[in-house]
Amino acid sequence: MVAKTIAGKTVEVNEEGFMINPNEWTEEIAVEIAKEEGIPELTAEHWKIINFCRQSAGASGKAPTLRQITVGTGVSTKELFALFPKGPAKKVARIAGLGKPEGCV
Amino acid sequence: MKKLVILGAGTAGTIVANRFKRVMDLDEWQITLVDPDPIHYYQPGFLFIPFGMYTRKDVIKPKRDYISAPLTLIQSAVEEVDPVQRLVRLANKQSLSYDYLIIATGTDIHPEETPGMAEHEWGKSIHSFYTLDTSLKLNQMLHNWEGGRLVVNVVENPIKCPVAPLEFIMLADWHFHKHGKRDRVEIIYATPLPGAFTKPVASRLLGELLERKNIQVEADFMIERVEPDAKKIVSYDEREIEYDLLVTVPLNKGAEFVARSGLGNELNYVPVDQYTLRSKAYDNIFVLGDASDAPASKAGATAHFAIDLFTENFLRYVEGHELKPYFDGHANCFIETGFGKGLMIDFNYEQEPLPGRYPLPGIGPLTLLEESEFNHWGKLMFRWMYWHLLLKGMEVPLPSEMSMSGKRLV
């Protein structure tokens, strides 16, 4: 666990760069992490997914899986891969300030 | 007379019914099991069938051998559960009322969910080993196969027995060596996970093992479709892998009636409290084995450990006591690694698999995350234990809660 300054705010992140406390998250932080993840600009479509993930995690306490995102938003897996290339569930969880989606055991 | 209905008479349903039979007052309780299939399958044995190590007769027995009076077994599929009326409607038009319901209908493969998979090449160049039928077909295929590129693919997690694809690959490697055609076979493992396995230490150690065996891992591979004529699989991020033989672990889903009854999540698993295995929606419904959404391994060992502690808790609960958060997600698995060896992992919700000794700290005789011949024999002996002890609800001399003794932090 380390402290990291993102978009002018100091937050705690784990060794993989996922934020520890979702309450420290801001939209500005999302924009910065998205850049680190190779997404130069967050569009309305990106925000739709990010907002869904934050709501879902708020209710369940954990970041949603890829299938939960597609079922919950109606956005297809193909589109998700276009929006958040390679591992969309993991990428969007990081941008949304949530923990890493649980690896399935 | 109180009524307990158990849906599913597989590993979890049969074990819990026989446990209850031993400890419950059956003048006060009526226990009914429902299952459409008269055969009980020893599912861990499916893995060995493609390689001719087991045959059909090694993995099947009549369910009637394990479920006897005063337990009742009804052979029928389930149409729907009405949790408000506390009623189960069966496909045979019968209705069963219940005071308590246990859902133990497990998880199944759905190759039709991946475009191109379950079409004209299914059973020809595209195979699986997750059912008796598919493993028998794959046995025939491997018998005649001249070699080429074998691609093993997991469609999506969670799957039943998360280590099975790795075991299949390592047994295949051994099989081709034995038959003198390993130099004519290329083996690729395409997985949606970022590495060989889910948990970091195990993933690293298993990844190294695969590398030594000259097996290539294609990580983060989320399959979108199979192109059965071009013989290739394509991922959502447009990576393509050609194959001569595709062995797939198709999408796993819970039973359809769970969805029809409004009891399931997006994969038809019933949401439960992960420490008590009670349904989040109804306080008289419990879910044992693979049918729940608990983030534990979908495996017989997990079901067995959970049931060890469930029975006593359930009896206290029906007398009006609070449920204890008893289940720690404990799982352990033998992993066949080929050449007569195996390794073992032991873990729970909190603790990832680590190297060490099991079940006796420092002694074993089983070795954790380390290959040994004893582990392989342990796995083969386990079949006897399954049929003769486990299914009958007898105690197996292994602790139900995971212990850190004997494990090495690395």
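Of all the listed residues (B:190, B:164, B:202, B:196), the sole one being touching a Pro at 6+ places or on another chain (Cβ under 7 Å), within 28 Å of residue B:301 (Cβ to Cβ) and of a type in the set (Gly, Ala, Ser) is B:202.
Scanning segment B:344-356 for residues that are crowded, with 20+ Cβ neighbours inside 10 Å and either farther than 16 Å from residue B:198 by Cα or within 14 Å of another protein chain (Cβ to nearest Cβ) (or both) returns B:345, B:346, B:347, B:348, B:353, B:356. Across segment B:373-409, the number of residues qualifying as under 24 Å from residue B:9 (Cβ atoms) and either of a type in the set (A, V, I, L, M, F, W, C) or loosely packed, with under 15 Cβ neighbours inside 10 Å (or both) comes to 12. Filtered by the rule that a residue be outside any strand (DSSP E or B), surrounded by 13 or more Cβ atoms within 10 Å (Cβ to Cβ) and touching a Gly at 6+ places or on another chain (Cβ under 9 Å), segment A:15-31 gives A:18, A:20, A:22, A:24, A:25, A:26, A:29, A:30. Those strands (runs of 3 or more DSSP E) of segment B:1-87 in which 2 or more residues are without any contact (Cβ under 8 Å) to a residue 60 or more places away in the chain, assigned by TED's automatic domain parsing to the domain that holds residue B:309 and farther than 24 Å from residue B:130 by Cβ occupy B:29-35, B:72-75.
From the list A:10, A:77, the lone residue that is within 22 Å of residue B:114 (Cα to Cα), polar (S, T, N, Q), at pLDDT 90 or above and in contact with a helix residue (DSSP H, G or I) (Cβ under 9 Å, 6 or more places away or on another chain) is A:77. Counting only strands (runs of 3 or more DSSP E) that sit wholly inside segment B:225-302, those with at least 2 residues that are away from every other protein chain (no Cβ under 14 Å) and over 29 Å from residue B:315 (Cβ atoms) are B:232-235, B:240-242, B:245-249. Residues that are in contact with a strand residue (DSSP E or B) (Cβ under 6 Å, 6 or more places away or on another chain) and either without any contact (Cβ under 8 Å) to a residue 40 or more places away in the chain or among the hydroxyl-bearing types (Ser, Thr, Tyr) (or both): does segment B:374-392 have at least one? Within segment B:374-392 (the criterion being in contact with a strand residue (DSSP E or B) (Cβ under 6 Å, 6 or more places away or on another chain) and either without any contact (Cβ under 8 Å) to a residue 40 or more places away in the chain or among the hydroxyl-bearing types (Ser, Thr, Tyr) (or both)), the answer is yes, since at least one residue qualifies. Give me the pairs: first residue in segment A:12-39 and more than 9 Å from residue A:94 (Cα to Cα), second residue crowded, with 16+ Cβ neighbours inside 10 Å and β-branched (Val, Ile, Thr), beta-carbon distance under 6 Å, and six or more apart or on different chains, which are they? Between residues of segment A:12-39 that are more than 9 Å from residue A:94 (Cα to Cα) and residues that are crowded, with 16+ Cβ neighbours inside 10 Å and β-branched (Val, Ile, Thr), the close pairs are A:24/A:11; A:29/A:6; A:32/A:6.
When the residues of segment A:52-77 are filtered to those that are touching a Phe, Trp or Tyr at 6+ places or on another chain (Cβ under 6 Å) and facing another protein chain (nearest Cβ under 9 Å), the one that is surrounded by the most Cβ atoms within 10 Å (Cβ to Cβ) is A:77. Residue B:316 satisfies every condition listed in (1) of a type outside the set (Phe, Trp, Tyr); (2) within 14 Å of chain A (Cβ to nearest Cβ); (3) open to solvent by 40 Å² or more (accessible area, probe 1.4 Å) except (2).
Selection of segment B:325-376 for residues being under 25 Å from residue B:215 (Cα atoms) and part of a loop (DSSP other than H, G, I, E, B) yields B:339, B:340, B:352, B:353, B:354, B:355, B:369, B:370, B:371.
For segment B:181-212, the set of residues classified as assigned to a loop (DSSP other than H, G, I, E, B), surrounded by fewer than 18 Cβ atoms within 10 Å (Cβ to Cβ) and at pLDDT 95 or above consists of B:181 only. Screening residue A:34 against (1) open to solvent by less than 30 Å² (accessible area, probe 1.4 Å); (2) more than 12 Å from the chain's Cα centre (by Cα) leaves a single unmet condition, (2).
Among the candidates B:256, B:242, the residue that is open to solvent by 40 Å² or more (accessible area, probe 1.4 Å), touching a strand residue (DSSP E or B) at 6+ places or on another chain (Cβ under 6 Å) and at pLDDT 95 or above is uniquely B:242. Taken over segment A:78-97, the criterion of being open to solvent by less than 20 Å² (accessible area, probe 1.4 Å) and either more than 12 Å from every other protein chain (Cβ to nearest Cβ) or not hydrophobic (A, V, I, L, M, F, W, C) (or both) is satisfied by A:88, A:92, A:93, A:95, A:96, A:97. Among the residues of segment B:167-187, is any within 13 Å of chain A (Cβ to nearest Cβ) and over 22 Å from the mean Cα position of the chain (by Cα)? No, because not a single residue in segment B:167-187 is within 13 Å of chain A (Cβ to nearest Cβ) and over 22 Å from the mean Cα position of the chain (by Cα).
The values are calculated or read from the model by the stated rules, or taken from the named source; none is laboratory data. Just so it is clear, the structure is predicted and the values come from calculations on it, not from any experiment. For neighbour counting, all protein chains shown are included, and Cβ atoms are generated from backbone atoms with ideal geometry for every residue, glycine included. All accessible areas refer to the heavy atoms of the entire protein, side chains included, with ligands and DNA or RNA removed. Shrake-Rupley method; radii C 1.70, N 1.55, O 1.52, S 1.80 Å.
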